[in-house]
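Notes follow once the structure below has been shown.
The values are calculated or read from the model by the stated rules, or taken from the named source; none is laboratory data. These numbers were taken from a predicted model, which means no experiment stands behind them. Using ideal geometry, Cβ is built from the backbone for each residue, glycine included, and neighbour counts are taken over all protein chains shown.
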């Protein structure tokens, strides 16, 4: 993973790369540099990004990546050849614009590129041949102070309205079997996944969490079977199967999760799971009263699932990359889950609350039918016994 970016809050530029060895299942090299904004150079209307000796250049459909870090004896030279057309997030709804606080950003991506080249690490050359992904995100927003400025607020409110109408049109109002919320899955976090299947289908999934940690997605899944036509699955529900615990910041993030998307006669079910150790980048929030840090996690992995329409059912299998972004709450992890019993099985609800701040686990069950019942259970939580990985039921 390589990122070139800049922001005017400080102002500064940010350059990052992370290299995984998926055979040894480890992150073998990474660099995260915040630097003076004058160290970063770019050219309008084409790919021409430069930081120090590293560059990313080109124009659709061909690009060239050159990463050079002499101190770590690391070099990459690779050619990208796009096999898919570029696509905007919510292309038919907002033309790629998404809200962030009181402002907007624009998001475009290329989910399927062939990549070939050479990687040299510690004087050992390796040939590169595989698949790649490119994205571009820009706009007038601030992660550190998203409600600071009212510039463009009219467009932002119109974007919120368009997305809300679009989301409601794809999600009929029903009582789910289960829905869960957690404090680290707050409004400025996201789940991000890119993948390419063995049949050359490619996909991108982006979910704005809005505190939901199981239930309806507030994003969309984009699947292209041929690189030209995109299916936008807006009716998506997700759940986490396995969570990793970041003890220093008292948060959980997904290692294994699945989703189901529906679009007309099409249904897709996918499971994504990490196959290496994760790399965690922490950006402290020194001025925030509510959160300690932004935490960006990188997890290469595999995916599997099925696609069904009126004509066929396909088995999907491939490689993926998961990137969850979380904010670490000052008061630690809190989660609340609602499980519903619906007719004909009965009418009732179970509420489960975990509070690491108060070190309590509370379960309350209310049943109206088939027989009235009210049950409470409160137990203590010992934070030192929380495992590094937790399997969800």
Hits in region 86-106 - residues which are part of a strand (DSSP E or B) and touching a residue at least 40 places away in the same chain (Cβ under 8 Å): 87, 97, 98, 99, 100, 103, 104
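Pick from 368, 316: which is modelled with pLDDT of 95 or more and in a strand (DSSP E or B)?
316
Residues checked against (1) surrounded by 13 or more Cβ atoms within 10 Å (Cβ to Cβ); (2) more than 26 Å from the chain's Cα centre (by Cα); (3) without any contact (Cβ under 8 Å) to a residue 12 or more places away in the chain:
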| position | (1), (2), (3) |
| --- | --- |
| 9 | no, no, no |
| 17 | yes, no, no |
| 20 | yes, no, no |
| 24 | no, no, yes |
| 27 | yes, no, no |
| 32 | yes, no, no |
| 35 | yes, no, no |
| 53 | no, yes, no |
| 57 | yes, no, yes |
Working carefully through the options 253, 249, 281, find the one that is assigned to a loop (DSSP other than H, G, I, E, B) and in contact with a strand residue (DSSP E or B) (Cβ under 8 Å, 6 or more places away or on another chain). 249
Do we find that residue 326 is buried (at least 18 other Cβ atoms within 10 Å of the Cβ), in contact with a strand residue (DSSP E or B) (Cβ under 7 Å, 6 or more places away or on another chain) and in a strand (DSSP E or B) in this structure? yes
Quick one: residue 195 ticks every box in (1) within 21 Å of the chain's Cα centre (by Cα); (2) more than 29 Å from residue 254 (Cβ to Cβ); (3) surrounded by 15 or more Cβ atoms within 10 Å (Cβ to Cβ) except a single one, so which number is it? (2)
Residue 336: touching a strand residue (DSSP E or B) at 6+ places or on another chain (Cβ under 9 Å) and surrounded by fewer than 17 Cβ atoms within 10 Å (Cβ to Cβ), yes or no? no
Residues being farther than 20 Å from residue 253 by Cα and surrounded by 12 or more Cβ atoms within 10 Å (Cβ to Cβ): count how many of those fall in region 339-372. 21
